[in-house]
Amino acid sequence: MDHFKAGEIYESADTRERKPAVWNMELGVSVLENLELAIGYGGSDDGGADFLPETQYGAVANWGIFDRANLALEYLRAEFDDDPL
């Protein structure tokens, strides 16, 4: 992404020039014929106090219960920067 001038994104009172960046990694594996497990980890830099999470992680279990029907249980946690803009 490009650099943003002070106050151009997040809040107009923001006095800092910003260059937001995000990243994400995911890994999934099929452990049984109808069961898949996956984990993910990601985050952002210069994403603002409440706009983009500083870190985010989660896991999912996906079970194929019927033909063309899945049941998934997912947990996702995001942590935001507590510093004010």
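Provide the packing ranking of 67-80, 29-42, 50-63, i.e. peptides ordered by the mean count of other C-beta atoms within 10 Å per residue, highest first. All intermediate terms of the calculation are to be shown ahead of the outcome.
Details: 67-80: 10.2, 29-42: 12.6, 50-63: 15.6.
The packing order, highest mean first, is 50-63, 29-42, 67-80.
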Checklist entry - In sequence order, what are the phi-derived ³J(HN,Hα) couplings for the range 57-66 according to the Karplus relation 6.51 cos²θ - 1.76 cosθ + 1.60 with θ = phi - 60°, rounded to whole Hz, with x for glycine and proline? => result 9, x, 8, 9, 10, 10, 10, x, 7, 9
Checklist entry - Taking the Cα atoms of the range 21-79 alone, what are Rg (to one decimal) and Dmax (as a whole number) in Å? => result 14.5, 44
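Every read-out reported here was derived from the displayed coordinates using simple, explicitly stated rules and does not represent laboratory data. These numbers were taken from a predicted model, which means no experiment stands behind them. Heads up, the Cβs are rebuilt from the backbone with ideal geometry, glycines too, and the neighbour counts pull from every protein chain shown.
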